[in-house]
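Working notes, structure below.
The values are calculated or read from the model by the stated rules, or taken from the named source; none is laboratory data. As the structure is a computational prediction, the values presented were derived from the model and not from experiment. Here Cβ is always computed from backbone atoms with ideal geometry, including for glycine, and neighbour counts include all displayed protein chains. These area figures cover heavy atoms from the full protein model, side chains too; ligands, DNA and RNA do not enter into them. Shrake-Rupley method; radii C 1.70, N 1.55, O 1.52, S 1.80 Å.
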Amino acid sequence: MRVAIATGEYHLGGETFINRHIEHLFGGNTVVVCGRFRGDNPYGKPYFVRRDGLSGRDIMVAPWWLLRNRVRHGTSRLPFGEAKEALIRFLRDERVDVILAEFGTQALALAPLANTLGIPIFTYFRGTDASKAIRTERMRSAYRKMMPRLAGVFSVSQFLLDNLAKHGISHPDSTVIPSGVDIRRFAPQAKVPLSFLAVGRFVEKKAPMTTLRAFAEATTKLPNARLDFIGDGPLLEPTRALAEELGVSSKIRFHGAQPHNTVRDRLMSTQFFLQHSVTARDGNTEGLPTAIQEAMACGCITVSTRHAGIPEAIDEGETGFLVDEFDEAGFAKAISSAINVPDLPAMSARARQVAEQRFDNHVLLKLLERHMQDALVNAPRGTGGVHNKASA
């Protein structure tokens, strides 16, 4: 089965879950349809760039098409004119059998065209596309119109499916499949005592300053405790300044953005993983953070929040600790509880075991393939985007 992976930008090294699909789904029999191309094609895949500039003729007719698509489909994202014809040629020339749109917003752009061509289309909800993106009724309406065009829906967490359903957005064939982790590459090594790690963008949703203050409070009497931050973003410098203000700079190391292999190497020897995820003011949430799955695979004891799909991964008191969002004092207490677990190796082993059972990406990839195949076999002709010749 030849699959077109639709994504916003290609290639992004941090999107390990999408890259895994591009490289391995159905034996790597894939092509890429991207919004923007970043100049790197590490997997040597045929690719098509949807936003590669409009021709003079398309520029002239753009206002009409944008208005038409907004009225009919609830979104102006759909390709039109010469760009649409070029995409059709690409999909036909590459003999694409099915489309997997990574993120619901990508499915919005491609579902009507897929239906016209009779190519089944699935989408994968991962976080912001099922939280921040649906704050407006316009986007919610567009999703509702899109759902019947899809052959099936995947999500990294039940939380995201429930969040969509609260707004009347659902699909009868919806399946939770976490992004997963390569448990063969992410595995425990000897742990450095009192080592802590936080990985992620320095943005509101990750609450790095809350993480820092809670760590400082919990380790006041532990001079050997060390917290490493990996990532960059707009809150990096304010967080660095806060470390100076709190007088804990000697305990904190800011590494900036790092390659995925560096993150893995650090996780393997880290004892505790910290992630105080919160719902941002614009409604943006996590799905089920890949970093937490990787940390558990490496036997890290995770301290995090009851946010989005995180409680679907962490069994409180068994593999880690959870507090409510924005509960800084509670987060500090949870860090102390983690430090004082009577049998740290046993909890570390349980975290690893859960990762093996729930997040083995080899198993999850096969599960994704099986669900796609089953949906195509079982779906009635002419519905859900399966060989549906509905007009665009």
Self-check item: Column: log10 I(q)/I(0), Debye, Cα scatterers of the chain, q = 0.06, 0.09 Å⁻¹
Solution: -0.26, -0.56
Self-check item: Residue-level accessible surface for ASP97, protein heavy atoms, 1.4 Å, Å²
Solution: 80
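Assuming R0 = 51 Å, what is the FRET efficiency of LEU246 and ASP173, from their Cβ-Cβ distance, to the nearest 0.05? Let's see the in-between values first.
Values: r = 50 Å, r/R0 = 0.98.
It comes out at approximately 0.50.
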Practice problem: Can you send over the carbon and sulfur percentage of the accessible area for the chain, probe radius 1.4 Å, protein chains only? | Solution: 51
Self-check item: Where HIS260, HIS276, HIS362, HIS171 fall by accessible area, highest first, once all protein chains stay in place (1.4 Å)
Solution: HIS362, HIS260, HIS171, HIS276
Quiz item: Expressed in nm to one decimal, what extension gain is obtained for the pair ASP282 and ARG36 from 0.36 nm per residue of sequence separation less their Cα-Cα distance?
Solution: 86.1 nm
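Expected output is a single nm value to one decimal: the length gained when fully extending between GLN353 and ARG92, i.e. 0.36 nm times separation in residues minus the C-alpha distance. What is it? Intermediate values should be presented prior to the final figure.
Working: separation 261, 0.36 × 261 = 93.96 nm, distance 4.42 nm.
In short, 89.5 nm is gained.
Work through the residues other than CYS34 whose Cβ is under 9 Å from its Cβ and net out their charges, Lys, Arg +1 and Asp, Glu -1. Show your work: numbers first, answer last.
On the way: positive: ARG36, ARG38, ARG50, ARG51; negative: GLU9.
Net charge in that neighbourhood comes out at +3.
Would you list HIS371, HIS24 from the most to the least accessible area, probe 1.4 Å?
Details: HIS371 60, HIS24 90 Å².
Ranked from most to least accessible, the order is HIS24, HIS371.
Could you provide, to the nearest whole Å², the per residue accessible area of the range 50-189 with probe 1.4 Å?
Numbers: 5920 Å² over 140 residues.
Each residue of the range 50-189 exposes 42 Å² on average to a 1.4 Å probe.
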Quiz prompt | Zone residues, the range 235-279, relative to PHE326, backbone N less than 11 Å from point 7 Å out along Cα-to-Cβ | solution = 279
Practice problem: With a ≥ b ≥ c taken as the square roots of the eigenvalues of the C-alpha gyration tensor of the range 272-353, please select rounded if a/c is under 1.5 and otherwise prolate if a/b is larger than b/c or oblate if it is not? | Solution: oblate
